[in-house]
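Report on the following structure.
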Amino acid sequence: MPARKIQDESEVLGWFEEGMTYEWMQAEYLRKYGIETSIPMWSAFRRRKGLDRRNLRDHDLIPWMIKEEHRHMYPAFMLRAEGRLRAGRELTERDASRLASWKNMLAEKGVVVHYDPDTEDGFFYVPREATDRDLIRAPRTPTGNRAQD
């Protein structure tokens, strides 16, 4: 029987709680342990542990096709957390606290999240306009690929 690839289950469970992508887990395992993994391996681990599906996504909050280099930026993390909250999922105490603080900051500064994939930073906070109905500046045309989400 081959050796187990998962080196530290509690570490991996934490990554799932934080909403890290399978691609990120692959890269992190290769960097940290020198072990090549596959997306199906991470998906099977999730199923064996009885964890919720990974692809919960609120298309109203994240209507963009986010580039890989922008996926782990704080605004993306917070929008995913808000999406989980709106879907009735429980957040960790830490994530709930971060989300509340972040939403307070948006309200106090009167800003929303804007995403521009053609920039290095990707995410920006822009002044809220009368047409903004949520935490984001919705694009005129959503770019998210719903078939792959």
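Listed by chain and number, the aspartates and glutamates placed with their C-alpha closer than 15 angstrom to that of residue 49 are 8, 9, 11, 17; residues fewer than eight positions away on the same chain are left out. In this structure, the amide hydrogen of residue 111, modeled 1.01 Å from its nitrogen in the peptide plane, lies closer than 5 angstrom to those of 128, counting only residues at least 5 positions away or on a different chain. Bridging of residue 5 to aspartates and glutamates at a Cα separation below 17 Å is possible for 23, 28, 36, once same-chain residues fewer than 8 apart are set aside. Hydrodynamic analysis of the range 1-122 uses the Kirkwood radius over alpha carbon pairs. Inserted into Stokes-Einstein at 10 °C and 1.306 mPa s, it gives a translational diffusion coefficient of 99 µm²/s. Considering helices alone, the calculated mean residue ellipticity of the chain at 222 nm is -13000 deg cm²/dmol, with DSSP H runs of length four and up weighted by -39500 (n - 2.57) and normalised per residue.
Normalising the average separation of contacting C-alpha pairs (under 8 angstrom, six or more residues apart) by the number of residues puts the relative contact order of the range 1-91 at 21 percent. Projecting the alpha carbon convex hull of the range 1-43 along each direction and taking the average yields 3.0 nm². Summing Cβ point charges (Lys, Arg +1; Asp, Glu -1) relative to the Cα centre of the chain gives a dipole of roughly 540 debye.
In this simple spin-label model, placing a label point 7 Å from the Cα along the Cα-to-Cβ direction at both residue 65 and residue 8 gives a separation of 3.6 nm. Rounded to the nearest 20, the size of the Cβ-charge dipole of the range 64-133 about its Cα centre is 400 debye, with Lys and Arg at +1 and Asp and Glu at -1. Cross-link reach is defined here as a Cα-Cα straight distance under 26 Å, omitting same-chain residues fewer than 8 places apart; for residue 103 the lysines meeting it are 67.
Laboratory data are not the source of any read-out in this text; all were calculated from the coordinates shown. Since the model is a prediction, treat every value here as computed from it, not as a measurement. Positions of Cβ are backbone-derived with ideal geometry, glycine not excepted, and every protein chain shown enters the neighbour counts.
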